[in-house]
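Participant: What follows is a structure written as structure tokens; I'll ask about it next.
The values are calculated or read from the model by the stated rules, or taken from the named source; none is laboratory data. Everything numeric in this text was worked out from a predicted model, so none of it was measured. So basically every Cβ, Gly included, is an ideal-geometry build from the backbone, and we count neighbours across all protein chains shown. Surface accessibility is based on the protein's heavy atoms, side chains included, excluding ligands, DNA and RNA. Shrake-Rupley method; radii C 1.70, N 1.55, O 1.52, S 1.80 Å.
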Amino acid sequence: QVQLAESGGGLVQAGDSLRLSCVASGRTFSSYVVGWFRQAPGREREFVAAISRNGGNTAYADSVKGRFAISRDNAKNTVYLQMNSLKPEDTAVYYCAATDSPVVLKSSLVYRYWGQGTQVTVSS
């Protein structure tokens, strides 16, 4: 079992950058694929990015490709989401999630463990 805690959200202007962190408890963090998802008011939760167990493989939603970068430091039990060139449509609560799937997946249904989320608000 793993517990996740996000941080790093905030209020920024369009074009700014933020880095979100997801810190996990437990010694087996490196056994999990970790993903970032987001949910805006009135909308369904959507996939943002995911990273494989060793960090060698990543996946991104088309809407963030080229602007966001996911990375992980297994020694620190932490996954990061670097968000650049933020847009107002990136405004949402961002969640990190973990799955014991052996491959990177985009469906939220396979992610078993979830954090509480961190709010990101981008003003125009």
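Participant: In region 30-52, what residues are free of Cβ contacts under 8 Å to residues at least 60 places away in the same chain, over 14 Å from the mean Cα position of the chain (by Cα) and closer than 18 Å to Arg72 by Cβ?
Facilitator: Ser30
Participant: Here's another thing I want to ask about it. Kindly indicate the residue of region 94-119 that is aliphatic (A, V, I, L, M) and open to solvent by less than 50 Å² (accessible area, probe 1.4 Å) and also farthest from Ala61 (Cα to Cα) among those meeting that condition.
Facilitator: Within region 94-119, the first condition is being aliphatic (A, V, I, L, M), and the residues that meet it are 97-98, 103-105, 109-110.
From what's left, open to solvent by less than 50 Å² (accessible area, probe 1.4 Å): 97-98, 104.
Details: Ala97: 15, Ala98: 17, Val104: 13 Å.
Restricting to residues being aliphatic (A, V, I, L, M) and open to solvent by less than 50 Å² (accessible area, probe 1.4 Å), the top hit is Ala98.
Participant: Within region 4-29, which residues are at pLDDT below 95 and either closer than 18 Å to Gly117 by Cα or more than 16 Å from the chain's Cα centre (by Cα) (or both)?
Facilitator: Kept after step one, since they are at pLDDT below 95, are these residues of region 4-29: 25-29.
Selection gives Ser25, Gly26, Arg27, Thr28.
Participant: Filter region 42-93 down to the residues that are part of a helix (DSSP H, G or I) and of a type in the set (D, E, K, R), then identify the one that is least open to solvent (accessible area, probe 1.4 Å).
Facilitator: Among those that are part of a helix (DSSP H, G or I) and of a type in the set (D, E, K, R), it is Asp90.
Participant: Sticking with this structure for a sec: Gly56 fails exactly one of the following numbered conditions: (1) closer than 16 Å to Gly117 by Cα; (2) out of contact with any strand residue (DSSP E or B) (no Cβ under 8 Å at 6 or more places or on another chain). What is the number of that condition?
Facilitator: (1)
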